[in-house]
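See below for the structure under consideration.
The values are calculated or read from the model by the stated rules, or taken from the named source; none is laboratory data. Computed from a prediction, not measured in an experiment: that's the story for all the values here. Here the Cβ positions follow ideal geometry from the backbone for every residue, glycine too, while neighbour counts run over all protein chains shown. Side chains are part of the model used for accessible areas, which takes the heavy atoms of the whole protein and leaves out ligands, DNA and RNA. Shrake-Rupley method; radii C 1.70, N 1.55, O 1.52, S 1.80 Å.
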Amino acid sequence: MRVAVIGAGVIGLSSALCIHEQFHGLVPSLQLEVYADHFTPHTTSDGAAGLWQPYLSDHGNLQETLWNKETFDYLLGHLHSPAAKEMGLFLISGYNLFTEPVPDPSWKNIVLGFRNLTPKELELFPGYSYGWFNTALMLEGRSYLPWLTNRLTQRGVKFFHKKVESFQELFSQGVDVVLNCSGMRAGDLQPDPELQPGRGQVIKVLAPWVKHFIITHNLKSGIYKSPYIIPGSEFTVLGGIYQQGNWSEENSAKDHKSIWDGCCRLLPALQKAKIVGEWSGLRPARPSVRLERESIRLGNLQAEVIHNYGHGGFGITIHWGCAIAAARLFGSILQEKQQLASPPGPRL
Amino acid sequence: MASPKVAVVGAGVIGLSTALRITETCPSCSVTVLSDHFSPNTTSDVAAGMLIPHTYPDTPIHRQKQWFKETFTYLFAISNSAEASEAGIHLVSGWQVFKSTPKEELPFWSDIVLGFRPMSKAELQKFPQHRFGQAFTTLKCDCPPYLLWLEKRLKASGTQMCTRKVADLWELHGEYDIVVNCAGMGAQQLAGDKQLFPVRGQVLKAHAPWVKHFIRDGDGLTYIYPGIHRVTLGGTREKGNWSLSPDPGSTRDIFDRCCSLEPSLHGAQDIDVKVGLRPSRQCVRVQREVLSQGEVKLPVIHNYGHGAGGFSVHRGTANEAAHLVGECISALQGSSSTAKL
């Protein structure tokens, strides 16, 4: 049973790990392969700051809220494990700032210690009159992806550095199931007008005195279009760019200025911070995550594809819940192919 | 007296902040800081500089609260300014956890720090050995940056800094009109104060930049305070121990206790061991005294004995000490201009 995962970002690697963990014992012939044109540190996931935080509203998409919760709880459970440092996993607290009162987010009970900001705290942020404080998690892609890669390599999963041009290409080589975790480039494999780039740009600075994330919101402009500051373990990420439909991965001077001015206004001490890098990436944005099976007829063969892409700016936030769901779909494929007597138990 | 000459003895956080306050309240004063040690070799450099007050048994609570409030307000403004990183002042959030519920559920300073509240059950799950906790956000003064920033501001206002070991406060009577004694542990000798005693503290300074929160056990003995570049892991409280040499057994013990609060510390690197003697007293001595020999008088303002709480109240006691200096100057100017000094 050959399973090919397309994509080696956080979605591809975590889906591969979840499937291998669930099924390698049950399906002795299981052979997992990861195909990607970019591996860490060159994936979209590597550029993200790594903060676990969903968008403000789930737009009634309860499924995504549940996947977010599963991910948070899973990561929280690993916080005290010896692997945490290697995974790039740690707790972080911080501020979400608004210019007007807003309803509480879907994730208020998922994070720890969620509360409104006090008047004194709001004095720190002139121009903002309302906000939240909570404790969440950081999962840095630059550490997490190598950690996932190591776990997969230990399990005998093979990696192939190549750009897959079509699902057909893999099926004709004898692959039984394809996991499509191709993120932004899913459209190259199968047109999807709902998948659009949400271009982001970030400036990386050395500002080790900043211990909190600070995320401002402009409800009229939309998510990630307002300055944010996210301190990592080595450097701090400054951002605030979201350009729907912009495919450019080149850094823009105009965006640089917008980020820099916005963040320095938030935290005046940043003016003294040393800039150590800049990066642009494309959030694979979609009205909802595409996580579903598709059966493709190829001659007299029925080929199975599990799609798992379109996680926008919350891939890290939702990844494990989606990996579990993808594994569940894989389980039902195995059942149909009579590779499994019955679906695996409560572990899922 | 056109330009009163003020000597401040001591260049830790108390000496420097008091000197600075004097230059602010008495611009005509000529201030000199005298100390055998300057940053990075002061007791203040060993401390983490967390704004979490220590309770002095014999100082009225309202006075301690006032000192803390003034200090917090002062540093809050700096943390919010462009100077924050240079001054080493930053906000930090975290938890104070207790193995058994404390008698006092609300410390006197709970309304001064930010966002003070009890920890939720979910938050307490991170601390399986502890039953109760408080979450809040406070400030940290990183040293050496904070002391160096104070020195820079002092120099800009014309204050002289001199490396000099003062053996006896009286030796300053010819050169200075007023002496401010911020000598910390050194006041035991300088002021002959037997109520002052060292409480030895050993700490580790480690590289663990993923630790973004402070964690403090309510017993005050075990704590993790993340600074700009290093995390301070503590500690010990050894009353009457004058030894400044690191003790390897304590190092091991501190590390183990901190790792049990924060397991990820096992991955900490570049661990340095430091020792400081908290200049401890039942109450902080902020008080005027006039030394005299014959007709010659030397006004002394004492500002020492801050023990474990120096950073938390430093600006407040500096304000008080500077106020006493002001009173001294008025008294000196009030007496005959043919000075009886």
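Calculate the dipole size of chain A relative to its Cα centre from +1 charges on Lys and Arg beta carbons and -1 charges on Asp and Glu beta carbons; express the result in debye to the nearest 20. Please list the in-between numbers first.
Values: 31 positive and 30 negative charges, 107 e Å.
My answer is approximately 520 debye.
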Trypsin sites (Lys or Arg not before Pro) restricted to the range B:251-341 and DSSP loop, no more than 16 other C-beta within 10 Å: B:K340
Helix-only mean residue ellipticity at 222 nm for the protein assembly as shown, each DSSP H run of n ≥ 4 adding -39500 (n - 2.57), per residue, nearest 500: -8500 deg cm²/dmol
Taking only the alpha carbons of the range A:82-139, the radius of gyration and the largest Cα-Cα distance, Dmax, both in angstrom, are 13.7, 42
Keeping all protein chains in position, work out how much accessible area A:K69 exposes to a 1.4 Å probe, and write it in Å² to the nearest 10. 90
When the charge dipole of the range B:5-338 is computed with +1 on Lys and Arg Cβ and -1 on Asp and Glu Cβ about the Cα centre, the Cα farthest towards its positive end, among B:F38, B:Q66, B:M119, belongs to B:M119
With axes computed from alpha carbons, what is the tilt in degrees of helix A:141-154 against the longest principal axis of chain A, rounded to the nearest 10 within 0 to 90? 20
Out of every Cα pair in the range B:119-220, what percent are spaced more than 25 Å from each other? 52
Each residue of the range A:245-253 in order: what ³J(HN,Hα) in whole Hz does its phi give by Karplus 6.51 cos²θ - 1.76 cosθ + 1.60, θ = phi - 60°, with x for Gly and Pro? x, 8, 8, 6, 9, 8, 5, 9, 5
Local charge sum around B:P279 (other residues, Cβ-Cβ under 12 Å, Lys/Arg +1, Asp/Glu -1)? +3
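When every alpha-carbon pair in chain A is counted, what percent end up more than 40 Å apart? Don't skip to the end; give the middle numbers.
Numbers: 8123 of 60378 pairs.
Of all Cα-Cα pairs in chain A, 13 percent lie more than 40 Å apart.
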As straight-line cross-link partners of B:K165, the qualifying lysines (C-alpha separation under 24 Å, not fewer than 8 residues apart within one chain) are B:K5, B:K152, B:K155, B:K194, B:K274, B:K297
Cross-link pairs beyond the 30 Å C-alpha cut-off, checked among A:K163/A:K337; A:K108/B:K212; A:K158/A:K211: A:K158/A:K211
Mind checking the angle between helix B:248-261 and chain B's longest principal axis? C-alpha axes, 0 to 90 degrees, to the nearest 10. 60
Starting at 0 and stepping by 20 Å, how many percent of the alpha carbon pairs of the protein assembly as shown end up in each bin? 17, 42, 27, 11, 3, 0
When the distances between all Cα atoms of the range B:5-338 are binned every 10 Å from zero, what whole-number percent does each bin get? 6, 26, 34, 22, 9, 3, 0, 0
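Based on the Kirkwood radius over alpha-carbon pairs, what is the Stokes-Einstein translational diffusion coefficient of the range B:1-83 at 25 °C with 0.890 mPa s viscosity, in µm²/s?
Values: Rh = 14.9 Å.
Rounded, D is 165 µm²/s.
What ratio of Cα Rg to 2.2 N^0.38 Å holds for the range B:44-199? Don't skip to the answer; put the middle values down first.
Numbers: Rg = 19.6 Å, N = 156, 2.2 N^0.38 = 15.0 Å.
Compactness ratio reported: 1.30.
Tell me the total accessible area that B and A bury against each other, 1.4 angstrom probe, in square angstrom rounded to 100. Provide the component values of the computation, followed by the final result.
On the way: alone 15170 and 15440 Å², together 27750 Å².
Chain pair B/A: roughly 2900 Å² of buried accessible area.
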Using the alpha-carbon atoms, what tilt in degrees (0 to 90, nearest 10) does helix A:315-336 show relative to the longest principal axis of chain A? 10
Taking a Cβ-Cβ separation under 4.7 Å as the criterion for a possible partner, which cysteines of chain B have none? B:C141, B:C143, B:C162, B:C182, B:C258, B:C259, B:C283, B:C328
Which three lengths, in whole Å and largest first, does the range A:1-131 cover when its Cα atoms are put on their principal axes? 61, 31, 29
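Taking a cut-off of 21 Å, what percent of all Cα-Cα pairs in the range A:198-338 are separated by more than that?
Values: 5360 of 9870 pairs.
Taking all Cα-Cα pairs of the range A:198-338, the fraction more than 21 Å apart is 54 percent.
First compute the accessible area of the range B:5-338 with a 1.4 Å probe, then give the percent of it belonging to carbon and sulfur atoms.
Values: 6770 of 13240 Å².
That fraction is 51 percent.
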